[in-house]
Amino acid sequence: MKIYSGNDTNRKRILIDDLRRTKGANTLYVSHYCFVLDDRKDLIFYYNPIHFWDKCPIEKVADYVWTNLETDCAIFKNVDPDKSPKSKALDNKISYPIFFPETPNYIKSIFNLNYFKKSMTSNSNTIIGAVIGDVIGSVFEWDNVKTTDFDLFNPECFFTDDSVLTIAVADCILNKRDFARTIWEYGRKYPNRGYGGNFSFWLENKSLKPYGSYGNGSAMRASAVGFAYNDLETVMEVAKQSAEVSHNHPEGIKGAQATATAIFLARQGKSKQEIKDFIVQTFDYNLDFTLEEIRPTYPFDETCQGTVPQAIVAFLESTDYENAIRLAISIGGDSDTLACITGGMASAYYKHIPQEIMDFVVDKLPVEYIEIMNKFDEHCVKDI
């Protein structure tokens, strides 16, 4: 999809020319964002009448896009600009002078438009909990805060590698895809999302061989495993498989297994004390510290052993989902990954995420991710 900004001066295609070409057989959708022309073959997007933006074949346009266009836009049929420059819309929902909508100065992608947004259709709150942690924590990774008192809805928030690879693992589970190949494909499809140096090198090669990492990348992508299966043995084995394609160091595998196991136990209705005791006994993590004790001196640590215990304690100390995310970020360090890991556990345990938080994050995600999360939620509910 073309990246468009208001500085574009491409005049090779002009809206009025396409309207003349299609008069008698066109539908024009007018919003405050742009013009969308249905010429029976393509949806053609214009930022304004003289700036062509993009086009999409009609057969590839999803049903919900049509629904949203019809809801959000004034609709003009069979526009002939030479005879009806002030054509009336088919309904009176919105009053638009044709050709003169109020457009913003910058639109990054057509998928930023409201009518291209797909909502979460499930409320089972599985991996969206991890993704929310990543997105909200994204702005604090290199600008740490050491407090829970921060703006949860920073407009600069974005999805990072944590979300990309969480979705990749969910896709693997849903569609029985190969972990190495799928993770590699997702990483290459969504570049420049904050991948670690060694993982970036792994993405540049086609060998798909593990490189002995014990970085927290194996844990940050493991939440789907904890939600997808209903027996601990399978959770442990699949978490190992999801990790070892790149992070085959024992600590890398352990971090993924501990994350998925904590989520599994939370789903089973275990108490926080039971979850803590099991993690300590099984993975030999030290969880006998408080966030208040470590917060002043906790450094940036990209290892599993320096991230997973801290994320677990953030979950254990929390009182609800939002509080869990705030606590994880308040530690400092690798904030998005800490909040991603904690967020998965918190969504499994509390089974409720405030709608305002959900909407804020979903609005920043690719449609593909939302579709996969909806299908994953349905898969998990069906199998419980």
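The residues of segment 123-160 that are without any contact (Cβ under 8 Å) to a residue 40 or more places away in the chain and β-branched (Val, Ile, Thr) amount to a single one, 139. On the stretch given as segment 332-357, residues that are within 25 Å of residue 141 (Cβ to Cβ), under 17 Å from the mean Cα position of the chain (by Cα) and open to solvent by 10 Å² or more (accessible area, probe 1.4 Å) total 2.
Going by the conditions given, is residue 233 among the acidic types (Asp, Glu), outside any loop (DSSP other than H, G, I, E, B) and either within 21 Å of residue 366 (Cα to Cα) or touching a strand residue (DSSP E or B) at 6+ places or on another chain (Cβ under 8 Å) (or both)? Explain how you work it out, then say what you get.
Details: among the acidic types (Asp, Glu): yes; outside any loop (DSSP other than H, G, I, E, B): yes; either within 21 Å of residue 366 (Cα to Cα) or touching a strand residue (DSSP E or B) at 6+ places or on another chain (Cβ under 8 Å) (or both): no.
Against the criterion (among the acidic types (Asp, Glu), outside any loop (DSSP other than H, G, I, E, B) and either within 21 Å of residue 366 (Cα to Cα) or touching a strand residue (DSSP E or B) at 6+ places or on another chain (Cβ under 8 Å) (or both)), residue 233 does not qualify.
Here residue 362 fulfils each of the conditions (1) surrounded by 24 or more Cβ atoms within 10 Å (Cβ to Cβ); (2) touching a residue at least 60 places away in the same chain (Cβ under 8 Å) apart from (1). For the criterion of being free of Cβ contacts under 8 Å to residues at least 24 places away in the same chain, of a type in the set (Lys, Arg) and part of a loop (DSSP other than H, G, I, E, B), residue 209 passes. Looking at segment 231-252, can you tell me whether even one residue there is under 18 Å from residue 314 (Cβ atoms) and open to solvent by less than 10 Å² (accessible area, probe 1.4 Å)? Checking segment 231-252: not a single residue is under 18 Å from residue 314 (Cβ atoms) and open to solvent by less than 10 Å² (accessible area, probe 1.4 Å).
Here segment 366-384 is the region considered, the condition is being open to solvent by 10 Å² or more (accessible area, probe 1.4 Å) and aliphatic (A, V, I, L, M), and the residue that is farthest from residue 159 (Cα to Cα) is 384.
Listed here are the residues, each with its yes/no results for (1) modelled with pLDDT under 65; (2) charged (D, E, K, R); (3) within 30 Å of residue 162 (Cβ to Cβ); (4) part of a helix (DSSP H, G or I).
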position: 70; (1), (2), (3), (4): no, yes, no, yes
position: 84; (1), (2), (3), (4): yes, no, no, no
position: 95; (1), (2), (3), (4): yes, no, no, no
position: 105; (1), (2), (3), (4): yes, no, no, no
position: 133; (1), (2), (3), (4): no, no, yes, yes
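Within segment 161-184, the set of residues being surrounded by 23 or more Cβ atoms within 10 Å (Cβ to Cβ) and either outside any helix (DSSP H, G or I) or free of Cβ contacts under 8 Å to residues at least 12 places away in the same chain (or both) is empty.
Results for (1) in contact (Cβ under 8 Å) with a residue 24 or more places away in the chain; (2) more than 22 Å from residue 133 (Cβ to Cβ), shown as yes or no for each residue.
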site: 228; (1), (2): yes, no
site: 234; (1), (2): no, yes
site: 238; (1), (2): yes, no
site: 279; (1), (2): yes, no
site: 284; (1), (2): no, yes
site: 292; (1), (2): no, no
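Any residue that is open to solvent by 10 Å² or more (accessible area, probe 1.4 Å), more than 14 Å from residue 346 (Cα to Cα), of a type in the set (D, E, K, R) and touching an Asp or Glu at 6+ places or on another chain (Cβ under 7 Å) - is there at least one of those in segment 282-297? Scanning segment 282-297, I find no residue that is open to solvent by 10 Å² or more (accessible area, probe 1.4 Å), more than 14 Å from residue 346 (Cα to Cα), of a type in the set (D, E, K, R) and touching an Asp or Glu at 6+ places or on another chain (Cβ under 7 Å), so the answer is no. Looking across segment 253-266, the residues that are touching a residue at least 40 places away in the same chain (Cβ under 8 Å) and within 14 Å of residue 316 (Cβ to Cβ) come down to 258, 259, 262, 263, 266. Just a yes or no: is a residue in segment 277-284 part of a helix (DSSP H, G or I), of a type in the set (S, T, N, Q) and closer than 16 Å to residue 340 by Cα? No, that holds for no residue.
Evaluation of residue 200 against the conditions (1) within 25 Å of residue 262 (Cα to Cα); (2) surrounded by fewer than 20 Cβ atoms within 10 Å (Cβ to Cβ) shows that the sole unmet condition is (1).
The values are calculated or read from the model by the stated rules, or taken from the named source; none is laboratory data. This is a predicted model, so every value here is computed, not measured. Note that each Cβ is placed from the backbone with ideal geometry, even for glycine, and that neighbours are counted across all protein chains shown. The accessibility values were calculated without ligands, DNA or RNA, using every heavy atom of the protein model including side chains. Shrake-Rupley method; radii C 1.70, N 1.55, O 1.52, S 1.80 Å.
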